[in-house]
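Data block below; observations after.
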Amino acid sequence: MSAPMPQSAVSAFKPTWLRTPLRRFDTRCAWADAISEHFVPLEVEPGGNGPFRNLAANETLGCLQVSELVTSAQRVRRTRVLASRSESAQYKFSVQISGRTLIAQDGRSALLDPGDWGIYDTSRPYEISEEPNAHFLVLQVPAHVLSVWEPWIQSQLARRFGSGSGSARVAMDALRALVSQGPALGPELAFEVSSTVMRLFALSLGEHADGGGASSLEDVRQGQLRVILHHVHEHLHDGAMNADTLARRFRMSRRYLYKLFAARGLTPADYILGARLERCRELLADPACTRQIGELAYAHGFIDTSAFSHAFRRRFGLSPSEWRARHARPARERALSGTAQASAGARPGSA
């Protein structure tokens, strides 16, 4: 553990990560207002008998809001009432630079020493306790940016992770590079780089899940693929959906996306086309579906009826109209048979 920073040094402290000058907050009211403005509303309770002095700098880098803080001893709480007022879910990654921080959520707690990091969910209650002169970064990211990592993030809240090796070390180096080069990056590039940084942190969660190792990372990838496939099936109507839009939606490279689909022996385009055709085949076989074939094709992302018919025949060996006719005939026969049986049962004396 690093030596505590002298109290007199707090007011003169300069940020070691961000370029933005630190602002000073010497009252609980002013500090609580600043926290609400830049993070989420929290209850603030000063600790110890020393002066209450807090410093904060904030920058927006792509999808991340990055804050560098030096705080007096205190406890901040996100109560159930405050969490219930959340307009949007966000995750916070706390990266300890010096001093120590205790994060607690969902019945778990983690004490962060310098070099450690942890994650918590702002949409649910949590509590953070800072030792005097704790110096740390907070990375705040919308939950949807990490939606593909959701199953593993939720199981790793309020746990301690190191940053000395593996993907976490790479993530920390990438974060420092993003902070230093942020002003030189355009908005689009900053968003892509920041998304990559968060994916590296999320990969570290996979390394630690269930003891780590290749099997854990494979579980992470399978979970990611399930989330992506669910999105595909919910958006078959979107004719613009392709590998590029999926990669952007889930903040990953095309190469990584193709790697996920390769586990099923498919490309993203193959899977999307197959899912669209399968949905149309089901509907064409349903006697209750009376929509025209062209209308059905357009409603499932096809922009050309002839292309749809060609793809359908190549996949199932019949044209869409032939498939519908084949399944409509048994339905009509069952309907006629049911009518005949009802008529026979209604004849006098049949009982």
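The table below gives the values:
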{"quantity": "Ala104 vs. criteria of a type in the set (A, V, I, L, M, F, W, C), under 22 Å from the mean Cα position of the chain (by Cα) and farther than 27 Å from Thr16 by Cβ", "calculated": "no"}
{"quantity": "Sole residue being without any contact (Cβ under 8 Å) to a residue 40 or more places away in the chain, surrounded by fewer than 18 Cβ atoms within 10 Å (Cβ to Cβ) and not hydrophobic (A, V, I, L, M, F, W, C), chosen from Gly107, Gly115, Gly50", "calculated": "Gly107"}
{"quantity": "Residues within segment 24-53 that are assigned to a strand (DSSP E or B) and within 31 Å of the chain's Cα centre (by Cα), tallied", "calculated": "2"}
{"quantity": "Selection count where residues are crowded, with 18+ Cβ neighbours inside 10 Å and without any contact (Cβ under 8 Å) to a residue 40 or more places away in the chain, scope segment 120-157", "calculated": "2"}
{"quantity": "Selection status of Tyr256, modelled with pLDDT under 90 and within 23 Å of the chain's Cα centre (by Cα)", "calculated": "yes"}
{"quantity": "Number of the exception - Pro114 against (1) more than 25 Å from Ser167 (Cβ to Cβ); (2) part of a loop (DSSP other than H, G, I, E, B)", "calculated": "(1)"}
{"quantity": "Long-range neighbours under 7 Å by Cβ, at least six apart or interchain, first residue in the same structural domain as Gly107 (by TED's automatic domain parsing) and closer than 18 Å to Ile97 by Cβ within segment 70-83, second aromatic (Phe, Trp, Tyr) and assigned to a loop (DSSP other than H, G, I, E, B)", "calculated": "Val70/Phe13; Ser72/Phe52"}
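Matching residues to (1) modelled with pLDDT of 85 or more; (2) surrounded by fewer than 19 Cβ atoms within 10 Å (Cβ to Cβ); (3) not aliphatic (A, V, I, L, M):
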position: Val227; (1), (2), (3): no, yes, no
position: Asp270; (1), (2), (3): yes, yes, yes
position: Ala275; (1), (2), (3): yes, yes, no
position: Arg279; (1), (2), (3): yes, yes, yes
position: Phe312; (1), (2), (3): yes, no, yes
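The values are calculated or read from the model by the stated rules, or taken from the named source; none is laboratory data. Just so it is clear, the model here is predicted, and its values are computed rather than measured. We place every Cβ from the backbone using ideal geometry, glycine too, and count neighbours over all the protein chains shown.
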